[in-house]
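Written below as structure tokens is the structure these notes are about.
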Amino acid sequence: MKSEIPNDDPGRLHQLLQEWQVESALPPRFSEQVWRRIDRPDADSIATNPLAALRRSLAQWIVRPSFAFSYAAVLLAAGLFAGFWHAHAASQRVSQTLSARYVQMVDPYQMPRH
Amino acid sequence: MKRPWLILVGGLLLAALAYGASYLTGSTCCRNLVEEKNPELSWLKSEFHLSDAEFARIEALHTDYTTACAERCRRIDAKNAELRALLSQTNGVTPAVETALRDAAQLRAECQRAMLEHFYEVSRSMPPDQGKRYFDWVVGRTLGSEHEAMTHGRVAAHEHPGK
């Protein structure tokens, strides 16, 4: 399409834009929809990209208080259990080592020098 | 989009903190044992629930025993050296070798008798139930285990072929 305004005349374009009046009425709830679009900048990509949709739904799920508290409780319990279990295993190992060393101290036939 | 990540990472940090706290709490006693002056005897005190007085008596018995044991070990080493010297001079079991073998066996028997006496003394210094538990445990690990170690726990090692 041939332009009526030469490209090298930005002053004229600016003047026309200043004079331009919008006469048609805005569609209903236009402002609300604009704000909604601003809130969800990736809404278009969600509609076309299933991965983005999944990420969004996961994010919405994670921020739910019920999930957040359950997640924290499970990880807290898992951390406590793993710590106690590891400490128990370490204590058992130390106990076995010390008992073997006691036996070596009292039994000359199990001393390293023999 | 920051809040979900904060929740996920915060949960992991909470788990790491819980792990560290419970590990440190659960391993306090074994860390204390290892840091003792004599960890093996401290283990004995902890394992057989000894009072301070019982432990002090057992510690004294242990010191006396290990001092005497070192002297017996020196005599056994000397006898073994004598036996090796005799074996290097002959190609058969001479009367001198036989005598040296008997002497070495006598010394080993003395050593085992002293060890057994020490176990009895230690077990008598403990509360009766713990003393019995100690004696059974220590005999199983010393006098009782030697033969088992030789046969790898297989009774079949003593069975005659064809039976």
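The values are calculated or read from the model by the stated rules, or taken from the named source; none is laboratory data. All figures in this text were calculated on a predicted structure; none of them were measured in a lab. All Cβ positions, even for glycine, are placed from backbone atoms using ideal geometry, and neighbour counts span all protein chains on display.
Count, please, the residues in region B:27-86 that happen to be assigned to a helix (DSSP H, G or I) and either of a type in the set (Ser, Thr, Tyr) or over 30 Å from A:Trp85 (Cβ atoms) (or both).
We begin by selecting, within region B:27-86, every residue assigned to a helix (DSSP H, G or I); these are B:28-35, B:39-47, B:52-86.
Then drop every residue that is not either of a type in the set (Ser, Thr, Tyr) or over 30 Å from A:Trp85 (Cβ atoms) (or both), which leaves B:28, B:42, B:46, B:52-86.
Looking only at that region, the number is 38.
Which of (1) within 30 Å of B:Trp137 (Cα to Cα); (2) assigned to a helix (DSSP H, G or I) does B:Ser22 not meet, given it meets every other one?
It is condition (1) that B:Ser22 fails.
Within region B:35-52, restricting attention to residues that are among the hydrophobic types (A, V, I, L, M, F, W, C) and either more than 8 Å from chain A (Cβ to nearest Cβ) or exposed (fewer than 13 other Cβ atoms within 10 Å of the Cβ) (or both), which residue is nearest to A:Ala68 (Cα to Cα)?
In this case the residue turns out to be B:Phe48.
Go through region A:82-99 and count every residue that is within 8 Å of chain B (Cβ to nearest Cβ) and surrounded by fewer than 14 Cβ atoms within 10 Å (Cβ to Cβ).
Going through region A:82-99, the residues within 8 Å of chain B (Cβ to nearest Cβ) turn out to be A:82-84, A:86-88, A:90-91, A:94-95, A:98-99.
Imposing the further condition that a residue be surrounded by fewer than 14 Cβ atoms within 10 Å (Cβ to Cβ) reduces the set to none.
Looking only at that region, the number is 0.
Here are B:Leu17, B:Leu8: which of them is under 30 Å from A:Ala52 (Cβ atoms) and in contact with a helix residue (DSSP H, G or I) (Cβ under 9 Å, 6 or more places away or on another chain)? Spell out the reasoning first.
On the way: B:Leu17 fails: under 30 Å from A:Ala52 (Cβ atoms).
Selected residue: B:Leu8, the only one of B:Leu17, B:Leu8 that is under 30 Å from A:Ala52 (Cβ atoms) and in contact with a helix residue (DSSP H, G or I) (Cβ under 9 Å, 6 or more places away or on another chain).
Filtering region B:101-136 down to residues that are hydrophobic (A, V, I, L, M, F, W, C) and without any contact (Cβ under 8 Å) to a residue 40 or more places away in the chain, which residue is nearest to B:Leu86 (Cα to Cα)?
Restricting to residues being hydrophobic (A, V, I, L, M, F, W, C) and without any contact (Cβ under 8 Å) to a residue 40 or more places away in the chain, the top hit is B:Leu101.
Got a sec? Which helices (runs of 4 or more DSSP H) wholly within region A:1-88 have at least 3 residues that are modelled with pLDDT of 80 or more?
A:10-19, A:30-39, A:50-62
Out of B:Ala109, B:Ala70, B:Ala85, which single residue is of a type in the set (A, V, I, L, M, F, W, C), within 11 Å of chain A (Cβ to nearest Cβ), more than 19 Å from A:Leu98 (Cα to Cα) and surrounded by fewer than 17 Cβ atoms within 10 Å (Cβ to Cβ)? Break it down stepwise before answering.
Values: B:Ala109 fails: within 11 Å of chain A (Cβ to nearest Cβ); B:Ala85 fails: within 11 Å of chain A (Cβ to nearest Cβ).
Being of a type in the set (A, V, I, L, M, F, W, C), within 11 Å of chain A (Cβ to nearest Cβ), more than 19 Å from A:Leu98 (Cα to Cα) and surrounded by fewer than 17 Cβ atoms within 10 Å (Cβ to Cβ) holds for just one of B:Ala109, B:Ala70, B:Ala85, which is B:Ala70.
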